[in-house]
Amino acid sequence: MKPISGTQVRFGVVGVLNTAVDALGYALLAMLGVPMFVANFISTTAGMLLSFTLNRNFTFRAKDGDVRRQAVLFFAVTAFGLWVVHAAVIFAVTKLFPGINVLIPKLGAIAVGMVWNYVLYKKVVFRQAAAEPAPVVQPGSPG
């Protein structure tokens with residue numbers, strides 16, 4: 001088994017932070033009387049913006065990439081994960097295990113979603129440009 005990398009640890013820390021921003025923001029807005037849909041939209045947007053910023057600059061250190069491209073890909077990957085992957089996992093688990101506690105399928109969806117996000121953020125959204133190989137100098141050639 002491979003040890004956990006620094007990037008994976010940073011990804012986990014960022015996940016905890018953006019989830020806390022979402023949950024606490026939602027709770028605060030709801031307590032202030034903001035309608036649930038609006039409170040959820042604001043809090044999830046704040047969490048997603050924080051997640052993008054921290055994953056780009058802290059987790060994957062992809063500061064030199066095209067920020068617009070990264071933002072579009074980040075939103076697409078994250079939205080698909082939340083709205084399609086999570087829904088598919090929840091559906092599958094509840095069909096396979098009728099009567100299961102409602103939190104179990106959601107926790108499974110979160111776990112699958114974390115892997116989905118990490119892999120696609122690393123391989124697609126914030127992928128590092130391949131380093132150019134050093135030129136090969138032939139013996140006896142001017143170099």
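The values are calculated or read from the model by the stated rules, or taken from the named source; none is laboratory data. Just so it is clear, the structure is predicted and the values come from calculations on it, not from any experiment. Please note: Cβ atoms are built from the backbone with ideal geometry, for glycine as well, and neighbour counts cover all protein chains shown. Accessible surface areas use protein heavy atoms only, side chains included; no ligands, DNA or RNA. Shrake-Rupley method; radii C 1.70, N 1.55, O 1.52, S 1.80 Å.
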- Query: Looking at segment 94-112, which of its residues are more than 20 Å from Gly12 (Cα to Cα) and surrounded by 14 or more Cβ atoms within 10 Å (Cβ to Cβ)?
  - Reply: Thr94, Pro105
- Only unsatisfied item for Phe91, checking (1) open to solvent by less than 60 Å² (accessible area, probe 1.4 Å); (2) hydrophobic (A, V, I, L, M, F, W, C); (3) part of a helix (DSSP H, G or I), is (1)
- Message: Six or more apart or on different chains, Cβ atoms under 8 Å: show the pairs whose first residue is in segment 76-88 and closer than 15 Å to Thr45 by Cβ and whose second is of a type outside the set (Val, Ile, Thr) and in a helix (DSSP H, G or I).
- Response: Thr78/Met48; Thr78/Ser51; Thr78/Asn117; Leu82/Gly113
- Of (1) farther than 22 Å from Ala129 by Cβ; (2) touching a residue at least 40 places away in the same chain (Cβ under 8 Å); (3) among the small types (Gly, Ala, Ser), Gly33 satisfies all except one. Which? (2)
- Message: Let me confirm something: among Lys63, Lys2, which residue is under 23 Å from Ala111 (Cβ atoms), among the basic types (Lys, Arg) and either open to solvent by 80 Å² or more (accessible area, probe 1.4 Å) or assigned to a helix (DSSP H, G or I) (or both)?
- Response: Lys2
- Looking at (1) open to solvent by 70 Å² or more (accessible area, probe 1.4 Å); (2) within 20 Å of Val115 (Cβ to Cβ), which is the only condition Arg68 fails? (2)
- Item | Hits in segment 5-49 (condition: assigned to a helix (DSSP H, G or I) and polar (S, T, N, Q)) | Thr7, Gln8, Asn18, Thr19, Asn40, Ser43, Thr44, Thr45
- Message: I'd like the full set of residues that are at pLDDT below 95 and out of contact with any Lys or Arg (no Cβ under 9 Å at 6 or more places or on another chain), limited to segment 115-134.
- Response: Arg127, Ala129, Ala130, Ala131, Glu132, Pro133, Ala134
- Message: If I ask for residues that are hydrophobic (A, V, I, L, M, F, W, C) and surrounded by 18 or more Cβ atoms within 10 Å (Cβ to Cβ), which ones from segment 51-60 would you list?
- Response: Phe52, Leu54, Phe60
- Message: Yes or no: segment 24-41 includes at least one residue that is crowded, with 17+ Cβ neighbours inside 10 Å and in contact with a Gly (Cβ under 6 Å, 6 or more places away or on another chain).
- Response: no
